[in-house]
Amino acid sequence: MKRNNQTAKLMPSKEDHMGDRTRKLVALRARTDHDLLVLVQRELNTGFTLVDGAASRNSSLFARAERALSTATALLPRISGLSQDDRLRIEAKVVELRSRLVLLAVYTRSFPASFAS
């Protein structure tokens, strides 16, 4: 059954409706990816701040920095629309934060007491 031009203008076709829904879903996913990226960056920045303030592996700041790293690494794979450049930049920050945590743990294990001069 053919629709006349007047009916076609008043009632969108099923294909038009699906295209509109798809566009809305794509826009929603892009916003979600952006929000996740902001959250991952915030967690990593928090982790760097905390590890810089931690005095030892037993410090609550150290534990919070580990949790920030854990949160960031758990969220990172969920960001589907991330460019390769952005992914590499974020992964480099993950590696750097993990390295700082390991170095602090090794350093405080090797030198448990501070020395006064």
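For segment 20-109, state the semi-axes of the equivalent ellipsoid (square roots of 5 times the eigenvalues of the alpha-carbon gyration tensor), sorted largest first and rounded to whole angstrom.
Rounded to whole Å, the semi-axes are 32, 12, 8.
In whole Hz, with x marking every Gly and Pro, tabulate ³J(HN,Hα) for segment 65-71 from phi via Karplus 6.51 cos²θ - 1.76 cosθ + 1.60, θ = phi - 60°.
Those phi angles translate into 5, 4, 5, 4, 4, 4, 5 Hz.
Going by how many other Cβ atoms sit within 10 Å of their own, how do Thr49, Thr71 line up, fewest first?
With the fewest neighbours first, Thr49, Thr71 line up as Thr49, Thr71.
To the nearest 0.05, what FRET efficiency results for Val102 and Thr22 with a Förster distance of 41 Å applied to their C-beta separation?
It comes to 0.35.
All of the numbers you see were taken from the coordinates with simple rules; none came from a lab. All figures in this text were calculated on a predicted structure; none of them were measured in a lab. Every residue, glycine as well, gets a Cβ built from its backbone with ideal geometry; the counts of neighbours run over all protein chains shown.
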